[in-house]
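Enquirer: Before we start, here is the structure in question, set down as structure tokens.
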Amino acid sequence: MRPVLLPRLKVLSVLPMKVAVNTSAPPPKCPRCSDELKLGANGQVDCWSCPVGHGLGLTLSEAYGRVQEDEISKIWHGSEAAQPGKYSCPMCGVPMLSVTVGVDSDEAPEGESEDTPDSASVPLDVCREDQFIWFDVRELDEFPQDLPNPEPSPEELRRINLIMSAFDRDLDEANEDELNRGILNRLANTVARRHPGFVSVLEHAMYGHKLDELEAETRAAHEKLEEQWEPENKSSAA
């Protein structure tokens, strides 16, 4: 079951970023026969399939559109301590982890009262780095179809609207703060250009003796350089 989709929220307007695309990366290959996998659709889910029919692969996000949520949880958590299997990941080439999961007809978490007994155990291969699950031929058929999402209740909709309102309010305040900072920065720069003496007075009022010490150290350093330069200049002139 896919997570409930929230209504579209207000977002900041940002400039598009140029992202470097690695066009030299090799295409993913079937872990069994090394033929190049084909990207296509299995129902409403995008998948990588072997052209010879050895199986198909799903990313973790796409799996939510085909596999029930409790099975996905068991697959992912089962891979945490799993050992490498015989197949390499089609994406990165690293050995995938071998995981065997129990399959049932419900979406109740394992061990809860509504959880029904497993009807089958299915071996799978998982790459945690690429969040990729490989199903050999007919293994995906062992998993029941994902159940449709229930409609949000009135109470859930009320909470969603509260979250949206709080998000939009915080975003408006952030935009206003950013605008105010920009105005204050421009004002400060204008004052600094037109009234440098006033800026100096403010700096001394804020930083006090620290500026005096820095100015004294700077003058002493300049005097020392002048003392070193004068004898060298006289000797070169003679």
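Enquirer: Which residues, counting only those in segment 94-139, are buried (at least 17 other Cβ atoms within 10 Å of the Cβ) and at positive phi?
Expert: If the condition is that a residue be buried (at least 17 other Cβ atoms within 10 Å of the Cβ) and at positive phi, then no residue fits.
Enquirer: Checking N149 against (1) more than 23 Å from K38 (Cβ to Cβ); (2) touching a Lys or Arg at 6+ places or on another chain (Cβ under 9 Å); (3) assigned by TED's automatic domain parsing to the domain that holds G85, which test does it fail?
Expert: (3)
Enquirer: Taking segment 90-122 as the search range and keeping residues that are of a type in the set (S, T, N, Q) and not in a strand (DSSP E or B), which one is farthest from W76 (Cα to Cα)?
Expert: Among those residues, the one meeting the criterion is S113.
The values are calculated or read from the model by the stated rules, or taken from the named source; none is laboratory data. Worth saying up front: this structure is predicted, and the values here are computed from it rather than measured. As a convention, Cβ positions derive from the backbone with ideal geometry for all residues, glycine included, and neighbour counts pool all protein chains shown.
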